[in-house]
């Protein structure tokens with residue numbers, strides 16, 4: 001059964017808005033990948049028919065492949081359990097084949113958004129496992145990462161290219 005249907009939906013909508021702006025400006029083509037679901041009308045339930053890969057994939061900067069998953073958390077840490085193993089595998093393979101692979105994490109309680117590269121995720125998971133931690137604290141993000149923010153009219157400039165101009169209309 002599909003649970004927590006709206007979990008992460010706000011972040012995904014903001015990313016989709018950013019993706020439209022990237023496309024309009026001729027900077028990137030990034031699209032949401034739908035999760036295959038089936039609906040049981042009699043029981044009024046829905047369920048996943050297969051595992052999805054990640055939330056978004058695309059291309060930018062003269063053919064650079066990008067894949068990422070968007071995650072929201074209401075607490076001041078990001079639990080490793082929030083990323084499914086098949087997502088980690090997909091992102092790791094994307095990186096291995098020369099693409100960019102990362103997580104976009106929004107801490108909703110403080111409205112702070114960060115980009116965490118998949119190789120950083122692996123390193124942190126290993127490091128924090130040794131410390132018996134099951135999550136990455138918000139303090140770590142504040143200390144080690146730059147926030148993903150709005151720039152030049154792009155809601156979340158997660159690619160860091162909002163100021164560039166190409167064949168778009170801006």
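The values are calculated or read from the model by the stated rules, or taken from the named source; none is laboratory data. The structure displayed is predicted, hence computed values, not measured ones. As a convention, Cβ positions derive from the backbone with ideal geometry for all residues, glycine included, and neighbour counts pool all protein chains shown.
Odds and ends about this structure:
- Annotation: residue 68 fulfils all but one of (1) in a helix (DSSP H, G or I); (2) within 24 Å of residue 14 (Cβ to Cβ); (3) touching a residue at least 24 places away in the same chain (Cβ under 8 Å); the unmet one is (1).
- The lone exception for residue 98 - which of (1) within 22 Å of residue 150 (Cα to Cα); (2) part of a loop (DSSP other than H, G, I, E, B) it fails: (1)
- Meets criteria (at pLDDT below 95 and either assigned to a helix (DSSP H, G or I) or under 29 Å from residue 20 (Cβ atoms) (or both)) for residue 86: yes
- Counted residues, segment 100-115 - those being crowded, with 16+ Cβ neighbours inside 10 Å and out of contact with any helix residue (DSSP H, G or I) (no Cβ under 8 Å at 6 or more places or on another chain): 1
- Subset of segment 93-146 [at positive phi and in contact with a strand residue (DSSP E or B) (Cβ under 8 Å, 6 or more places away or on another chain)]: 98
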